[in-house]
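Peer 1: Just passing along the structure, written as structure tokens.
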Amino acid sequence: MRLVLLGPPGAGKGTQSARLKEKYHIPQLSTGDMLRAAVEAATPAGLAAKAIMDKGCLVPDETVVGIVADCIAAPDAKAGFILDGFPRTVRQAEALAKMLGAKNLDLDAVIELKVDEAALLARIAARVKETLACGGTVRADDTPVAFKTRLDAYHAETAPVAAYYAKKAVLKTVDGMAPVEAVTRAIDQLLEGAVRTVRLGREGHHDGTI
Ligand code: ADP
């Protein structure tokens with residue numbers, strides 16, 4: 001199962017990806033987590049990305065494409081993966097298609113979490129409060145100013161990615177404002193359909209009937 005989760009910052013991609021990882025036993029490839037780990041480890045890529053990320057801007061396509069290519073080629077991604085936070089630009093989506101195409105693979109589904117953007121700031125504020133209450137460290141880009149920049153980057157760069165996948169007829173949309181459990185159920189239902197379609201396709205039944 002090869003999946004992409006799309007949606008603005010705070011839409012719940014991370015929460016749902018973690019659940020999908022448990023259910024399907026496939027790695028969750030979060031470019032945000034990987035970049036934060038690179039920053040923490042002070043690798044050259046991490047050091048270059050830090051200032052960009054703190055502002056809420058996107059790091060260069062080449063950096064993330066390189067990271068994702070390595071992860072997809074890793075043995076634990078043989079059975080599939082969940083991409084969370086990638087692709088975030090049409091160029092990244094094209095690079096992903098090329099990487100998979102070279103292995104004769106394709107995405108099974110792209111799931112977009114639709115959310116009411118007015119609610120996102122409140123979600124982020126709640127996340128910050130929760131993190132602080134648990135004694136955790138708040139992300140440098142979870143300030144209102146950086147969050148607005150992340151949302152602007154989403155509109156300018158990532159919204160066209162949804163259109164890119166809609167054209168390829170792999171885009172599925174889920175109401176990301178529903179309670180976490182309901183979102184998980186909606187994704188499960190979509191994926192059951194996607195798996196059935198893929199299986200039927202492989203068996204040579206192209207009429208979509210079971
Ligand atoms: P969120 O989806 O909540 O904004 P992420 O953890 O996915 O947060 O990403 C945090 C930051 O990491 C982004 O604002 C950006 O700077 C960087 N980043 C993550 N993924 C990508 C990507 N695919 N392309 C460019 N930058 C990325």
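Peer 1: Could you list all residues from region 17-30 that are assigned to a helix (DSSP H, G or I) and loosely packed, with under 15 Cβ neighbours inside 10 Å?
Peer 2: Within region 17-30, 18, 22, 23 qualify.
Peer 1: Please pick out the residue among 150, 123 that is in contact with a Gly (Cβ under 7 Å, 6 or more places away or on another chain) and open to solvent by 60 Å² or more (accessible area, probe 1.4 Å).
Peer 2: Residue meeting the stated conditions: 123.
Peer 1: If residue 33 satisfies every condition in (1) open to solvent by 20 Å² or more (accessible area, probe 1.4 Å); (2) more than 7 Å from the ligand (Cβ to nearest atom) but one, which is the exception?
Peer 2: Checking residue 33 against (1) open to solvent by 20 Å² or more (accessible area, probe 1.4 Å); (2) more than 7 Å from the ligand (Cβ to nearest atom), the one that fails is (2).
Peer 1: Pick out the one residue from 84, 76 that is under 13 Å from the mean Cα position of the chain (by Cα) and either of a type in the set (D, E, K, R) or open to solvent by less than 80 Å² (accessible area, probe 1.4 Å) (or both).
Peer 2: None of the others qualify; the one that does is 84.
Peer 1: A further question on this structure: All but one of (1) within 11 Å of the ligand (Cβ to nearest atom); (2) basic (Lys, Arg); (3) within 22 Å of residue 175 (Cβ to Cβ) hold for residue 50; which doesn't?
Peer 2: (3)
Peer 1: Tell me which of these residue 14 doesn't satisfy, since it passes every other one: (1) within 10 Å of the ligand (Cβ to nearest atom); (2) touching a strand residue (DSSP E or B) at 6+ places or on another chain (Cβ under 7 Å); (3) open to solvent by less than 20 Å² (accessible area, probe 1.4 Å).
Peer 2: Going through (1) within 10 Å of the ligand (Cβ to nearest atom); (2) touching a strand residue (DSSP E or B) at 6+ places or on another chain (Cβ under 7 Å); (3) open to solvent by less than 20 Å² (accessible area, probe 1.4 Å) one by one, residue 14 breaks only (3).
Peer 1: Right, here's the next one. Hey, could you check region 81-104 for residues that are over 18 Å from residue 28 (Cα atoms) and outside any helix (DSSP H, G or I) and say which is farthest from the ligand (Cβ to nearest atom)?
Peer 2: 104
The values are calculated or read from the model by the stated rules, or taken from the named source; none is laboratory data. Predicted, not measured: the structure shown is a model, and the values here were computed from it. A quick note on method: Cβ atoms are made from the backbone with ideal geometry, for glycine too, and the neighbour counts reach across all protein chains shown. When the accessible area is computed, the model is the full protein with side chains, heavy atoms only, and any ligands, DNA or RNA have been set aside. Shrake-Rupley method; radii C 1.70, N 1.55, O 1.52, S 1.80 Å.
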